[in-house]
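Novice: Quick one: the structure is below, and I'll ask about it shortly.
We did not get these values from a lab; they are worked out from the coordinates using the rules stated. Since the model is a prediction, treat every value here as computed from it, not as a measurement. As a convention, Cβ positions derive from the backbone with ideal geometry for all residues, glycine included, and neighbour counts pool all protein chains shown.
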Amino acid sequence: MRRMKVLVTGSSGHLGEALVRKLRSLGHEVIGLDILAGPFTTHVGSITDRVLVADSVAGAQTVFHAASLHKPHVATHRRQDFIDINISGTLNLLEASAAAGVAAFVYTSTTSVFGDALVPPEGAPAAWVTEDMTPVPRNIYGVTKAAAEDLCQLFHRNHGLGCIVLRTSRFFPEQDDDKAVRDVYADENLKANEFLHRRVDIEDVVDAHLLAAQHAHDAGFRRYIISATTPFSADDLAELRVDASRVARRRVPDYEVEYARRGWKMFPTIDRVYINERARRELGWRPRYDFACIIDRLKRGCGIRSSLARLVGSKGYHARTFSDGPYPVV
């Protein structure tokens, strides 16, 4: 990317901070907008504030919209809050961006928009998840993220705004919300397993955002799944539901020795596999952190997180703690 003025929403959050760090290191002028003050935020306030949004967008060539209420907020926030922030806030940003002549609008969405479509019936093969899968959101979070994606498409069609939607898989460092899962797997063990099918490192997520901004003008409007490159193929889907460790052993033989050394376990079954082929082909995205990379890092004693992931650390989702997990689940 040539040097430019860039707006990053959610700049005090996990991805927002990572984006600001990377953009500043590349010499860009970065406006950071967030409801929370922080070292990477220059404008404090909500994306529901139309005046503040217009002021923040003014002069920017690119907007990275990462601010959002997330799944962990479903139990602690009203449904109307999700409408206000995830839909109306996105609309404010799109309107301001179109009026200001922004060249590229990159919206951080989520694989959660797929919702119930991700869960195959009992006895069926694992789901092969591409951008062509029809979303069936299961909660207000998924509904509002899907609606915001459609707003991006509308503004491309009606206003010529170059909009790229990135449906990111898991990259948060917080513990899993499922106590039963936490009781079985050490946290790093769980996250290492997920690199097989549903996790991505934040360093690769940031790279995908920068590439999306470069391609937004020519692409017009596109949606991409952003997840680590899986070693699995479509031929593995039936077996993954029965014996995931056998498939993993066949695809990445080295993993067993490293897991045995740590007393780690592989998932007995895997029900979905995210496919990033479109992003690699059309954006030229080259994610570095896949399961084989994770095993290599474990061999070298490096841990599973990239340097950027370690630098940003864990943000959490709430100002308070909960007795039954990192956040309440409904």
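Novice: What does the charge count near H43 come to, summing +1 for each Lys or Arg and -1 for each Asp or Glu among other residues with Cβ under 9 Å from its Cβ? Could the numbers behind the result be given before it?
Specialist: Details: positive: none; negative: D34, D55.
Overall, the nearby charge balance is -2.
Novice: Something else: Exactly which trypsin sites (Lys or Arg not before Pro) in region 65-165 are in a DSSP loop and have at most 14 other Cβ atoms within 10 Å?
Specialist: On the way: sites: R78, R79, R138, K145, R157; in loops: R78, R138.
Those that pass, being in a loop and sparsely packed, are R78.
Novice: Can you return the aspartates and glutamates within cross-link range of K5? Criterion is Cα-Cα under 12 Å, with same-chain partners fewer than 8 residues away left out.
Specialist: Straight-line reach from K5, under 12 Å: E29.
Novice: Set the Förster distance to 30 Å, then compute FRET efficiency between S25 and Q153 from the Cβ-Cβ distance, nearest 0.05. List each step's numbers first, then the result.
Specialist: Values: r = 32 Å, r/R0 = 1.06.
After rounding, the FRET efficiency stands at 0.40.
Novice: Modelling each spin label as a point 7 Å along the Cα-to-Cβ direction, I'd like the R286/A186 distance in nm, to one decimal.
Specialist: 3.3 nm
Novice: Compute the label zone of T269 within region 116-144: residues whose backbone N is under 19 Å from the point 7 Å along Cα-to-Cβ.
Specialist: Taking a point 7 Å out along Cα→Cβ of T269, the residues of region 116-144 whose backbone N falls under 19 Å are 116-129.
Novice: Can you work out ³J(HN,Hα) from phi for every residue in region 91-96, in order, using Karplus 6.51 cos²θ - 1.76 cosθ + 1.60 and θ = phi - 60°, giving whole Hz and x for Gly and Pro?
Specialist: Calculated HN-Hα couplings, in order: 4, 4, 5, 5, 5, 5 Hz.
Novice: Filter the GluC sites (Glu not before Pro) in region 88-149 down to the DSSP loop ones having no more than 16 other Cβ atoms within 10 Å, then list what survives.
Specialist: On the way: sites: E95, E122, E131, E149; in loops: E122, E131.
Counting only loop positions with at most 16 other Cβ atoms within 10 Å, the GluC sites (Glu not before Pro) in region 88-149 are E122, E131.
Novice: Once you measure Cβ to Cβ distances between cysteines in the chain, which Cys have no partner under 4.7 Å?
Specialist: Cys with no partner Cβ under 4.7 Å: C293, C302.
Novice: Which order do the peptides 294-304, 224-234 take when ranked by the mean count of other beta-carbon atoms within 10 Å per residue, highest first?
Specialist: Values: 294-304: 15.5, 224-234: 22.0.
Ranked by mean Cβ neighbours within 10 Å, highest first: 224-234, 294-304.
Novice: A follow-up question, please. Using Cα positions and a limit of under 25 Å, work out the lysines in reach of K191, with same-chain residues fewer than 8 apart set aside.
Specialist: Candidates past the 8-residue exclusion: K22, K71, K145, K179, K265, K299, K315.
Novice: In deg cm²/dmol, rounded to 500, what helix-only [θ] at 222 nm does the chain give when every DSSP H run of at least 4 residues adds -39500 (n - 2.57) and the total is split over its residues?
Specialist: Numbers: 14 runs with 130 residues, N = 330.
After summing the helix terms and dividing by residue count, I get -11500 deg cm²/dmol.
Novice: If amide hydrogens are placed 1.01 Å from N in the peptide plane, which non-local residues have theirs closer than 5 Å to the one on V30?
Specialist: Residues meeting the criterion, in which the H sits 1.01 Å from N, are V6.
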